[in-house]
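J.: One structure is given below, represented as structure tokens, and several questions about it will come after.
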Amino acid sequence: MVHPQTGGLAPARAADVSGPIGVFDSGVGGLTVLKALMTQMPAERFVYLGDTARLPYGTKSPETVARYSLQAAEALAEFGVKCLVVACNTASSVGLPTIRAHIENVPVIGVIEPGAHAACAASRTGHIAVIATEGTVRGGAYQRAILGIRPDARVNAEPAPLFVALAEEGLHEGTIADQIARHYLEPMFSRGPAHPEAAVPDTLVLGCTHFPMLAGAIRRAVGSQVRIVDSAATTAASVAAQLQKAGLATSGPSGGGVRLLATDGCERFARVGTRFLERSISPDEVELIDL
């Protein structure tokens, strides 16, 4: 945000342990990350921003995504956040360096690095599959992160764009979800004479914040032996650990609370977000802001 006296970026300020944790995504998908964060750290306060006026980020150029991500981060910084969570795979893949260069003295955590670390730790064979949006797969962020941690890994990354629509339309369980999950995943995980056991990944990364909504259909498609890495859960664990290490964690009883912001469509945000957050959201709870 522009500082009123200097005309430039607001001067950096040290993180305050009493401040909220800021979370942003291009829309409501990041609410799966927020839910995991609230479960992991019930005493913390949160501010969530969904940039619904400009979604999806996955179809935009890297330069545009980086600019949008910085604007969202600066908006959350105005709330005195003590940590920023980039709960969007596309923004995490291209926007983190820009945000970290401008938002100083505040930890900035994306969803890709925690997911990659968890996948490398979970995989016995080093053969890891990633499903994500087309933009995330095309950008190669998960592939680079996994191979940077475990150079001997084999990574199969495939887009599963229909999962996003299923999650947002509330069709994440049932026949349709199961059929589409099999369509995407059976070619990667089927076993047989032409596809021996050694050629099948033993770990699957859910590389989109919408995908945890389809966890049941995904599990049925891949079987019980495959380890599934939920980037929302791994990100929450990473945030909790980093806040503890930095002396910024809040202790005490639960009930920190959350403030919800959107750049457009408060009613849709509330309707769809209710499913993602798994608690009722009223349109009156969603504040409209302009970036």
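Where a number appears in this text, it was derived from the coordinates with a stated rule and is not lab data. These numbers come from a predicted model, not from an experiment. Quick reminder, even Gly has a Cβ in these numbers, built from the backbone with ideal geometry, and neighbours come from all protein chains shown.
J.: Which order do the peptides 156-166, 46-56, 179-189 take when ranked by the mean count of other beta-carbon atoms within 10 Å per residue, highest first?
T.: Highest mean packing first, the order is 46-56, 156-166, 179-189.
J.: Going by average Cβ density within 10 Å per residue, which order do the peptides 169-177, 226-234, 102-110 take, highest to lowest?
T.: Final packing ranking: 226-234, 102-110, 169-177.
J.: How large is ³J(HN,Hα) for each residue in the range 82-87, as worked out from phi by the Karplus curve 6.51 cos²θ - 1.76 cosθ + 1.60 (θ = phi - 60°), to whole Hz, x for Gly and Pro?
T.: Calculated HN-Hα couplings, in order: 9, 7, 10, 10, 8, 8 Hz.
J.: List the residues whose amide H sits under 5 Å from the amide H of C83, counting only those 5 or more places along or on another chain, with H placed 1.01 Å from N in the peptide plane.
T.: Amide H neighbours of C83, under 5 Å, 5+ apart: G22.
J.: Could I ask something else about it? To the nearest 20 Debye, how big is the dipole of the range 1-153 about its Cα centre, given +1 on the beta carbon of each Lys and Arg and -1 on that of each Asp and Glu?
T.: It comes to approximately 220 debye.
J.: Can you find, among P161, V272, I149, the residue sitting farthest towards the positive end of the charge dipole of the chain, where Lys and Arg contribute +1 and Asp and Glu -1 at Cβ?
T.: Result: I149.
J.: Treating the beta-carbon of each Lys and Arg as +1 and of each Asp and Glu as -1, no other charges, what is the dipole magnitude of the chain about its Cα centre, to the nearest 20 debye?
T.: 660 debye
J.: Could you work out the relative contact order of the chain, using alpha carbon pairs under 8 angstrom and six or more residues apart, expressed as a whole percent?
T.: Once divided by the residue count of the chain, the mean separation gives 26 percent.
J.: Then there is this: Would you work out the charge dipole size for the range 125-197 about its Cα centre, treating the Cβ of every Lys and Arg as +1 and the Cβ of every Asp and Glu as -1, and quote it to the nearest 20 debye?
T.: I would put it at about 400 debye.
J.: Would you mind counting up the charge near A177? Only other residues with Cβ under 11 Å from its Cβ, with Lys and Arg at +1 and Asp and Glu at -1.
T.: Once positives and negatives cancel, what remains is -1.
J.: Just to confirm a number: summing +1 for Lys and Arg and -1 for Asp and Glu over residues other than R138 whose beta-carbon lies under 14 angstrom from that of R138, what do you get?
T.: 0
J.: Quick one: of the DSSP bridges fully inside the chain, what percent are antiparallel, nearest 5?
T.: Roughly 5 percent of the beta bridges in the chain run antiparallel, per DSSP.
J.: Still on this structure: Between G247, G95, G139, find the one with the highest GNM mean-square fluctuation for the chain; connect C-alpha pairs within less than 10 Å.
T.: Ranking G247, G95, G139 by mean-square fluctuation puts G247 first.
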